[in-house]
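Each remark here refers to the structure printed beneath this line.
The values are calculated or read from the model by the stated rules, or taken from the named source; none is laboratory data. Predicted, not measured: the structure shown is a model, and the values here were computed from it. Note that we place each Cβ from the backbone using ideal geometry, even for glycine, and neighbour counts take in every protein chain shown. Areas reflect the complete protein model, heavy atoms only, side chains present, ligands, DNA and RNA absent. Shrake-Rupley method; radii C 1.70, N 1.55, O 1.52, S 1.80 Å.
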Amino acid sequence: MRLATAEINLAALSYNLKRIKTLAPGARVMAVLKANAYGHGLVKIAQQLNDADAFAVARIDEALALRAGGLTKPIVLLEGFFHCADLPILIANNFETIIHDENQLQAIETSELGARLSVWLKVDTGMHRLGIEPEQFEAFYQRLKTCGNVDPNIKLMTHFSCADDVNSTQTQRQINAFERLIEGKPEAKCLANSAGILGWPQSHGDWIRPGLMMYGVSPMLNQVGTEHGLKPVMRLTTRVIAIKTIAAGEKVGYGGRWQSNIQTQLAVVAMGYGDGYPRNARNGTPVVIREKRYGIVGAVSMDMITVDIGTNPDGVAVGDQVEMWGPALPVEEVAACAGTIPYELLCNVTPRVSYDYITPADLSR
């Protein structure tokens, strides 16, 4: 009997990509696969995304893993390259790179490449992370357009800092700043991440970059994926491995963080921070057993969590499956209970969790 398992619903993934295309019908799709496809399995996920126009990863090792897995679509390096020695690797594997600083541009200009590199010029319009300053844009643009090592069909990009909040004015300011900067430039443009796709349709442009929403999870504040017509792709489950009865007044787990006021029963489940479950999940964070919600109690341990099942009228038993998040329990809700974001929970699933890739005809699975 398998214990901690991440069931990955490939039918839901395909469904979500189709949904994304309906939201931005005029845009090409750069499917974001960084961080092991947000914890879902880099190559397996990419192999399912036949209708994406390109893939995006953060680093070169992720891009190389996709090529080794037989993926031939264009791959964009969102952090760009870090050393001039990387450039021949980019050329040999047909990788496209973000350019976000002077060092990268100089490396391209002074290298002997033997072929032209596909480039995305990234402008910082307010995120203040990667990207050239707006006042640098025209000079960078002209240097790239005239560099013999660069494909003259460059593309232009920025990244939003607050698109998850539709009440913030920051995103519209960024859109306006980008549009003023690139006015009259014929190149393809890419602004919208997942939150931009959902909350700011005026930002869709020529390309969109769906990440979290592709996996059925909402990037928007205080919302869940189903509110956007998305299906959760990951279902994280485990099993009940013991049932215990404790008396009123007994404390549970390391540090005695929780104390029962009445005699109750606990289900001990085989899941913990060693599997990637958040250690700071508070008392009452829900799990689902036999289609009913129960709250965890006590500290999350490395390998186990205790769940208060009360007098157990539903007959929860050793061996029962426990859904930690998935279709019956949105990962967004679990993240809120742990004081974090769903991105972190998905990316933190550890290698000891078994992965099971399914393609059910019935998307209710």
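Projecting each Cα onto the charge dipole of the chain (Lys/Arg +1, Asp/Glu -1 at the beta carbon, about the Cα centre), which of I182, T285, W120 comes out farthest on the positive side? The Cα lying farthest towards the positive end belongs to T285. Computed from backbone phi with θ = phi - 60° and the Karplus coefficients 6.51, -1.76 and 1.60, the 3J(HN,Hα) list for the stretch 2-11 is 6, 9, 5, 9, 9, 8, 10, 8, 5, 5 Hz; x is used for glycine and proline.
So in the chain, what percent of DSSP beta bridges are antiparallel if you round to the nearest 5? Intermediate values should be presented prior to the final figure.
Numbers: 31 of 59 bridges.
Taking every DSSP beta bridge with both residues in the chain, the antiparallel ones total about 55 percent.
For the stretch 159-252, the spread of Cα coordinates along the three principal axes comes to 73, 26, 18 Å, biggest extent given first. Helix 170-181 and the long axis of the chain differ in direction by around 20°, with both axes built from C-alpha atoms. To the nearest ten degrees, helix 137-146 and the longest principal axis of the Cα atoms of the chain are 60 degrees apart.
Measuring against 19 Å, Cα to Cα, the residue pairs K145/K185; K122/K189; K122/K145; K21/K122; K21/K145 contain K21/K122; K21/K145 as the ones spanning a longer distance.
Sequentially through the stretch 223-232, phi angles give Karplus couplings (6.51, -1.76, 1.60; θ = phi - 60°) of 9, 10, x, 5, 5, 9, x, 9, 10, x Hz, Gly and Pro residues having no value and appearing as x. Once each part is reduced to its C-alpha centroid, what is the distance from the stretch 321-348 to the stretch 283-302 in angstrom? So the separation of the two Cα centres works out to 12 Å.
With Cα atoms as the point set, the stretch 10-218 shows a radius of gyration and Dmax of 16.5, 49 Å. Counting only aspartates and glutamates at least 8 places from K73 when in the same chain, those with an alpha carbon closer than 12 Å to its own are D51, D53, E96.
Relative contact order of the chain, please, whole-number percent, based on alpha carbon pairs below 8 angstrom and at least 6 residues apart. Please list the in-between numbers first.
Working: 797 pairs, mean separation 68.4, N = 365.
Computed value for the chain: 19 percent relative contact order.
Among I241, I98, the order of accessible area from largest down is I241, I98, computed with a 1.4 Å probe on protein heavy atoms. Near V322, the amide H atoms lying under 5 Å from its own belong to T238, R239, V240; only residues 5 or more places off or on other chains count, and H is placed 1.01 Å from N. In this view, the solvent-accessible surface of H100, computed with a 1.4 Å probe and all protein chains in place, comes to about 30 Å². Scalar couplings 3J(HN,Hα) for the stretch 103-118, obtained by applying the Karplus form with A = 6.51, B = -1.76, C = 1.60 to θ = phi - 60°, are 4, 5, 4, 4, 4, 5, 5, 9, 8, 9, 9, x, 7, 8, 9, 7 Hz; x denotes Gly and Pro. Computed about its Cα centre, the charge dipole of the stretch 234-362 is approximately 380 debye, with only Lys, Arg, Asp and Glu carrying charge at their Cβ.
So what's the chain giving for Rg/Rh, alpha carbon basis, Kirkwood Rh from the mean inverse pair distance? Before the final figure, lay out each step's value.
On the way: Rg = 23.4 Å, Rh = 22.3 Å.
The Rg/Rh ratio comes out at 1.05.
Here the peptides 171-181, 32-42 are ranked by packing, the mean other Cβ count within 10 Å, and the order with the highest first is 32-42, 171-181.
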